[in-house]
Every structure is written in C-alpha cells, then in structure tokens.
Amino acid sequence: MQLLCHLTGIILSDGCQETKVSGTEALCILLRRLAYPNRYVDMMVMFGRSRCELCKIFLTMINFMKHNWVHLIKDLTNPYLTMEKLKLFSDAIFRNGSPYQNCFGFLDGTVRPTCRSTNNQKEFYNGHKRTHAIKFQSIVLPDGIVACMHGPIKGRRHDAFILDQSKIVEQMEARYYDEEGNPFYLYGDPAYPLRRHPMVPFKGHHLNDSKQLCNSRMSKVRECVEWGFRKIINIFSFLDYKKNLKLEQQPVADFYKVAVFLTNCHTCYYGCQTSDYFNLSPPTIEQYLGINN
C-alpha cells in the first residue's frame, strides 16, 4: 500500500460527469488491465463500472505512476544502489563463474512489438525481429531489479545507438569506481562497442581457448537478462499482445515503463529467478521506494 501514500482517492471529470474512485480500486484496475489482454467490457462485471470509467481510471493511473514512481527505473541514482551494493553485486556474479571481478550487472536491449503504425512505418520496423516495435535498454542487477531503463527508441535503431543516447557510459565514468580506483562495469552482448565500463564478449572467428572459456562463462551468468525481461511479460501479458498496442492512440511506452516498475515491486516482495540464482536478497519495498518506516 506504500504505492498509494499520495493517492487516497481520485476524482475524474470530463466536463459533464465526475468519476470517484479510491486509490485501492484504481490500483486494482491498473493491475487487472495489464495482467492480461482483456477488454474493458470484460472488466465491467468485476468492477461494476462502465467502459468509459475504466478507461479513464486506467490511463489516470498510468500517468500517476509515470510522474511519481517511474523515475526509479530511469537511472542508477536510486538511493539503495550504494557503492557497497555494487561491490556485493560484483562479488555475487564472480562467485557464479564470472572471470571478471568488478562486473555488477548486465546491459541489454529489448524489442517490444507493437501494432503497425499508420505513419513512419519504416522507422519502427525492426528487421531482426521482423516486426514493428519500440526498443528499450535496461540493466538487470543480480538481485533481480531492472534499472536504468532508456527508451522508447524507434525499432529500427541499433543497440549501440541506444547506448550512446542513454549517456550511461558518461554516468559510470564519472563515479563508478571501487575503493582502489578500479572501474565497476557492465557486461553486454556483442552488439555493443567495447568501452572501459561496458564490457562485451571477445569477438572474432579464431579465438584462443582462454577467450572462448571467458565468453562461455560470461554467457552463462548473463542469461539472467532474459529471465528479467521474461518476468515482466509473464506478469503483465497485456504488453505481449501487439494488436492492441497502438502507438498513435495510446501511451504504449508508458505502459511498459509502469509494468517494469511494478515488476520490480513484485521482486521486492517475492524475489525472482535471478535473485535466487545469485543467492541475493532483493531490496525491501521501503528501500526500493525510498520510504522511511
């Protein structure tokens, strides 16, 4: 219920009709809508409200979450991400087979398919996935939290372009070092360029045995990136039904950002496959939201 600390009730007005709803009911409507690709008419019996009311409440909650909580997934400035936490993360990854000692998370992009738009179809078409889409870049931490999300970016853009646009390299170069001055870094897939802070696999067709072993060990621990992205869609299946994700009619990107934030809250309460794999406890919901008891 910490999510509702600033939302005890809502009054919506379209000029001729007011809709009153409690914060708890509004949150339930938001979760029910995102949980499965159901229609508003299917929710009418459950909530006893008209389709118009349900739509207004849902979009109001998306807007509320966006302006009050989604900033927690936008960068690495969350108060719970201290230097001690980064060291804890890097030690956990190292224990699970990483040959690198200061790798604290995994960088990757995700393609979210959408309905084909009327305008700028070529801009949103992703040739790799062969679908119209928007893209996001995120960091998956070994405690299961998805952080530093950047997007949306048009589906045709390459991961290296998103990395440059996100400015995460500059953020890390400014402050992410251990006590001895060694850099903390992220590990990404071969699509990313090699930098001091983002590390990538060794590239080439004729790698020696040690480089191949290093790539193999990092590939094993990096699999948690896919677990994190899959959990978002498993919980909020509405986002996997592209026929109803119409960029020109709905704030589709906000839907995904809110779902990522809510998935992180779910991880705080119940853990996830990633936190179990690295044997780390996620932050408490109070730590993640920055709420003092």
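In terms of accessible area, using a 1.4 Å probe and ignoring ligands and nucleic acids, Tyr100, Tyr36 rank largest first as Tyr36, Tyr100.
Its Cα gyration tensor gives segment 104-200 an equivalent ellipsoid, and the semi-axes of that ellipsoid, as √(5λ) in whole Å with the largest first, are 29, 12, 11.
Only Cα sites of segment 98-159 enter the Debye sum here, all with the same form factor; the resulting log10 I(q)/I(0) across q = 0.12, 0.16, 0.17 1/Å is -0.37, -0.57, -0.62, listed in q order. Restriction of the trypsin sites (Lys or Arg not before Pro) in segment 22-102 to DSSP coil positions whose beta-carbon has at most 16 other beta-carbons within 10 angstrom yields Arg39, Lys74.
Axis of helix 224-235 versus longest Cα principal axis of the chain: the two differ by about 10°, to the nearest ten degrees. Please work out the FRET efficiency for the pair Ser219 and Lys20, using the Cβ-Cβ distance as r and a Förster radius of 45 Å; give the result to the nearest 0.05. The calculated FRET efficiency here is 0.25.
Principal-axis analysis of the Cα atoms of the chain puts helix 209-222 at an angle of about 20° to the longest axis.
Accessible surface of the chain, 1.4 Å probe: 50 percent of it comes from carbon and sulfur atoms. The residues of the chain expose, per residue, 50 Å² of accessible area to a 1.4 Å probe.
Of the residues Asn102, Asn119, Leu207, the one whose Cα sits farthest toward the positive end of the charge dipole of segment 90-214, with +1 on the Cβ of Lys and Arg and -1 on the Cβ of Asp and Glu, is Asn119.
Where in the chain is the longest stretch that carries no GluC sites (Glu not before Pro) classed as loop by DSSP and with at most 15 other Cβ atoms within 10 Å?
Values: sites that count: Glu179, Glu180, Glu223, Glu248.
Answer - 1-178.
The values are calculated or read from the model by the stated rules, or taken from the named source; none is laboratory data. The shown structure was predicted, so the numbers you read here are calculated from the model rather than taken from an experiment. Counting neighbours? That spans all protein chains shown, and the Cβs are built from the backbone with ideal geometry, glycine included. Each accessible area value is taken on the protein alone, full model and side chains, heavy atoms only, with ligands, DNA and RNA left out. Shrake-Rupley method; radii C 1.70, N 1.55, O 1.52, S 1.80 Å.
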